[in-house]
1. Using a Gaussian network for the chain with springs between C-alpha atoms less than 10 Å apart, which of these wobbles most: Thr333, Thr286, Thr366?
2. With viscosity set to 0.692 mPa s and temperature to 37 °C, compute the Stokes-Einstein D of the chain, Rh being the Kirkwood radius across alpha carbon pairs; µm²/s, no decimals.
3. With N denoting the number of residues in the stretch 60-210, provide Rg(C-alpha) divided by 2.2 N^0.38 Å, to two decimal places.
4. Report, in whole Å, the centroid distance computed from the Cα atoms of the stretch 66-94 and the stretch 274-349.
5. Round to the nearest 10 and give me the degree value, 0 to 90, for the angle of helix 328-342's Cα axis relative to the longest principal axis of the chain.
6. Give the Kirkwood hydrodynamic radius (Å, one decimal) of the stretch 155-297, defined as one over the mean of 1/r across all pairs of different Cα atoms.
7. List, in order, the whole-Hz ³J(HN,Hα) value for each residue of the stretch 40-45 obtained from phi through the Karplus relation with A = 6.51, B = -1.76, C = 1.60 and θ = phi - 60°; use x for Gly and Pro.
8. On the first, second and third principal axes, largest extent first, how far apart are the outermost C-alpha atoms of the stretch 276-388 in Å?
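Please treat every number below as a calculation from the coordinates, not as lab data. Note that this is a predicted model, so its numbers are computed, not measured. Cβ atoms come from the backbone with ideal geometry, glycine included; neighbour counts cover every protein chain shown.
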Amino acid sequence: MNFTIFPADGGKSRYDELFSLEEALRVQAFHKGLPDYEPTPLRSLEALAMHLGLGGLFIKDESFRFGLNAFKGLGGSYALARILSERTGTPMDRLQELPEGAFTFATATDGNHGRGIAWAARRLRQKAVVYMPRGSAPERLANIRAQGAAADITDMDYDDTVRFVSEQAQKNGWILVQDTAWEGYEEIPLLIMQGYLTMGLEAYRQLGTKLPTHIFLQAGVGSMAAAIAAFFCGLSASAPPKIIIVEPDRADCFFQTAKAQDGTLHKALGPMTSMMAGLCCGEACTAAWEILRHHAAFYVTCPDSVSALGMRLLGNPLPEDERIISGESGAVTAGLVYNLMTREDYAPLRKALDLGKDASVLCFSTEGDTDQANYRRVVWEGLQSVTA
């Protein structure tokens, strides 16, 4: 595990106004209009918090989101609705009146984002084309196809798959709906990021509008992490929570960027072989870094064993706590918190983060068992089934 501190200035990024409480209320109003919208649970693991010496430990359980077993449908549904509304002049509550199959949305995904796009396109009676990087789980591919999308696994890594889909979209007249941004492509990723505000707003209300002192956020391309960081830091500019960004040690583009402190984005060193498929991205979203460089001072990389620990920890709780089925990308933050609070060799990190009895920690379990075969291997067979 590696740790670095970045001199975040606590100021506002040029995107922060897009992630205000007012914007969150507007985004949630859209999601409330969807027939199967329900807030996902916020689990208070009081027994585990006491065991670890924390003042509180809260886990937002996104396995209940829209029946998709992950949070990504929030971003996909909001972005597709905004795109169709703006391109056709149709109000967002009347998009079902558009001609069926008139638009094709294309994206690259490790699984959850593509499933969310396919689900949203089907609800809007439009088409979706989804490509996945090599090594993607067959179950995740099947789940995307079950939503009616044309989907295939490529022989490329995630970042090259994104570039391939971008080229295909331009060639075929598809609308690229990618949850990462680069120079010249930021408007749609920012819409996706705004979609995640509903998750943050729900958590804020479920906490009784009391801000946590620490928020651990996993980053792939960083879109979710940046949206949630901007939202919570915007709620209290004078006393914002500490934002800790967590990545696989084999897909550590934000860690490398924060460590370099040279004003440029750095790619992950790789190879991209982490079981945390949803986080296995080698290039950071430009818009996400613009936000995180102001709000996130702490960056941590974790081996797969930390995620595996989190999966077992949440799935086998202390008797007083509720069970959470959390997948590889969803559980890494819980595994990290446990390690930080129990291992003596991490005492310096505990001190740097000011983690103790006065700390109220918020984590987001962003997915359930979206690869059920691997989930069983990890929780049944232990560490020998994942990379060290």
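1. Highest fluctuation among the options: Thr286.
2. For the chosen part, D equals 159 µm²/s.
3. On the way: Rg = 15.3 Å, N = 151, 2.2 N^0.38 = 14.8 Å.
So the stretch 60-210 has a normalised radius of gyration of 1.03.
4. 28 Å
5. Long axis of 328-342 versus the principal axis of the chain: about 10 degrees.
6. Averaging 1/r across every pair of different Cα atoms and inverting gives 15.9 Å.
7. 7, x, 10, 8, 9, 8
8. 40, 35, 26
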